[in-house]
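Engineer: For reference, the structure I am asking about is given below.
The values are calculated or read from the model by the stated rules, or taken from the named source; none is laboratory data. Remember, it's a predicted structure, so these values are computed and weren't measured experimentally. FYI the Cβ positions are ideal-geometry reconstructions off the backbone, even for glycines, and counts take in every protein chain you see. The accessibility values were calculated without ligands, DNA or RNA, using every heavy atom of the protein model including side chains. Shrake-Rupley method; radii C 1.70, N 1.55, O 1.52, S 1.80 Å.
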Amino acid sequence: MKKLILLAVLISVPVLAQDTTHPRNMGLSADDYRRPDPVEFQLVLENGLIAYVAESGYVPLVTLSAFIRAGRVSDEKQGAAEVLEDAFKNIGPSGMGPDTFRQALSAMTAELTVAMHDEWTELSLNVPTEDLDEALPLFVRLVRNPAIVAESVERAARGAASEAVDLGGESGAVLYEGSMNAAVDHFYDIIYDGHPFGDRPTTEDFEALTVADVTRFFERYVVPGNVTLAVAGDLDVDDINNRLANLFSDWSGSHIPDVKRVPAVEPNAATMHHLVSNKLQSWLVVGNDLPPIPMEEQAAFDVMNYIIGDYHMNTRLMRNTRYKYGWTNDASSFAEDRWYGPGGYTFRSYSRPEVVEDIYDNIMEQLMLTRDEPVSDQEIFVAKGAITAGHFQVRYLDGYVMTRSFALERLRYGNHQRSASYVERVNNVTKKDIQASAQKYIRPEHMQVVLLGEEAFDID
């Protein structure tokens, strides 16, 4: 009887109708977001060093980051950058010793990461707030005066002699996502063949390298005006600014080195590159080089890329390859720009070997459609909203990502004009702008196709 009464009550409750009103017709207020003013978080020292400091006390941690406009590609001797990376990561500050350095990090339960790219380098130290008094001067010593010793040269040389990965293997770096990474790496090996971004030091380069060569690289590039800092976490901003000024104000260096601009790549005709791997899955990378995008074209490119395949669930690539045909879990685009030279624009997917050719055909169909026809009103509406109210705002969501964004923008461009005008530029993008961007940056005649799988197919 109780069950019957309960059922009667449930039936008698009115069912609320689902609101299917389109967001454009809901009378929602306009998004009035303004990105934070970098000047409010900026510390500028007389020697040219600029730091961005913000309180972000969600957890009792502090992150100290240094960004250096120097990387593997420079006018110095091959291998010098890699040795400096090892010194930052494994040796520590001059006069301390690697064992003492590692013990200090362990005692603080600190996490040190060092990432060196072709054009810039990042050092980050994440520590509990209670260890900040010890961590901050240690981090400053590491940035200003790393120990450059023969041990780092020898270790970097051993890394250059590492064996190549077996793409047909069943363990290690080639499993699942690692297999996609192998295909992406091969794509860049192709487009950077004979280009400065493709050069890597050899064992012979390291044999000819001296500690003095690495020291010269460090003294040329790691100078106050070529470095920006980001400090965020559970901290007092005024206190950190005073400490940074005391620790860095006497740091002097040579003039800011010129930007190392590299030439464009020599594009090849569209070609299939097959890497044999006898597995139950195949990995596909399709793409071309991506020249540096001027500020006046960046917004249109971003909107175009979002519509095609930027990593979310309702792109042209996902709607077709996944939802319409069920060929794959993912087909996405990746725009990887470089600071001062050509990057890559790739479209990636993976699935059973028997449907990979279908995925390729569908990807190319969507790319050509974007080049040949205007996008829809719905697509441009969604893309603009997602970028301005989503992607862009996430860059300033908390103190850590905000200070990092500001530090990198300042180091790369020398100002904050791009972020200041970004929302306005995105909102002003037209269908014509998007089509022009697709025609300029999607180049089917130069598409390199990398397939890691059982059998190749004809791309003609």
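Engineer: Does a label point 7 Å from the Cα of S254, set along Cα-to-beta-carbon, have any residues of region 195-222 with amide nitrogen under 19 Å, and which are they?
Structural biologist: Under 19 Å, as judged by backbone N against the label point of S254, lie 209-222 of region 195-222.
Engineer: Might you tell me the accessible area per residue for the chain, computed with a 1.4 Å probe and given in Å²?
Structural biologist: In whole numbers, the chain has 49 Å² accessible per residue.
Engineer: Could you go through region 186-193 in sequence order and give the Karplus-derived ³J(HN,Hα) for each residue, using 6.51 cos²θ - 1.76 cosθ + 1.60 with θ = phi - 60°, rounded to whole Hz, and x for Gly and Pro?
Structural biologist: 5, 4, 6, 4, 6, 6, 9, 4
Engineer: For the pair D99 and E55, what calculated FRET efficiency results from E = 1/(1 + (r/R0)^6), where r is the Cβ-Cβ distance and R0 = 35 Å, to the nearest 0.05?
Structural biologist: Approximately 0.50, to the nearest 0.05.
Engineer: Considering only lysines 8 or more places apart in sequence, or on different chains, count the pairs in the chain whose C-alpha atoms sit under 16 Å apart.
Structural biologist: Number of lysine pairs found: 5.
Engineer: Continuing with the same structure: Give me the compactness ratio for the chain, meaning the Cα radius of gyration over 2.2 N^0.38 Å.
Structural biologist: Dividing the Cα Rg of the chain by 2.2 N^0.38 Å gives 1.14.
Engineer: Quickly estimate the mean residue ellipticity at 222 nm for the chain, helices only: each DSSP H run with n ≥ 4 gives -39500 (n - 2.57), and the total goes over all residues, rounded to 500.
Structural biologist: -11500 deg cm²/dmol
Engineer: Separate question: Residue by residue through region 56-70, what is 3J(HN,Hα) from phi via Karplus (6.51 cos²θ - 1.76 cosθ + 1.60, θ = phi - 60°)? Round to whole Hz and write x for glycine and proline.
Structural biologist: 8, x, 5, 9, x, 9, 9, 10, 10, 10, 10, 10, 10, 7, 6
Engineer: How large a share of the accessible area of the chain, in percent, is made up of carbon and sulfur atoms when the probe is 1.4 Å and the other protein chains stay in place?
Structural biologist: 51
Engineer: Sort S421, S277, S249 by accessible area with a 1.4 Å probe, largest first.
Structural biologist: Descending order: S249, S421, S277.
Engineer: If you don't mind, there's one more thing I want to ask. Please give me the summed charge of the neighbours of D86: other residues whose Cβ is under 9 Å from its Cβ, Lys and Arg +1, Asp and Glu -1.
Structural biologist: -1
Engineer: Specify which residue in the list G92, G390, N47 is farthest towards the positive end of the charge dipole of the chain, using unit charges on the beta carbon of Lys, Arg (+1) and Asp, Glu (-1), about the Cα centre.
Structural biologist: G390
Engineer: Using DSSP to define loop residues, name the trypsin sites (Lys or Arg not before Pro) in region 225-284 whose beta-carbon has at most 13 other beta-carbon atoms within 10 Å.
Structural biologist: For trypsin sites (Lys or Arg not before Pro) across region 225-284 that sit outside H, G, I, E and B with at most 13 neighbouring Cβ atoms in 10 Å, the list reads R261.
Engineer: About the Cα centre of region 184-340, how large is the charge dipole given +1 on each Lys and Arg Cβ and -1 on each Asp and Glu Cβ? Please answer in debye to the nearest 20.
Structural biologist: Roughly 760 debye for region 184-340.
Engineer: So how strong a dipole does the chain carry about its Cα centre when Lys and Arg Cβ are +1 and Asp and Glu Cβ are -1, to the nearest 20 debye?
Structural biologist: Here the chain has a charge dipole of around 1240 debye.
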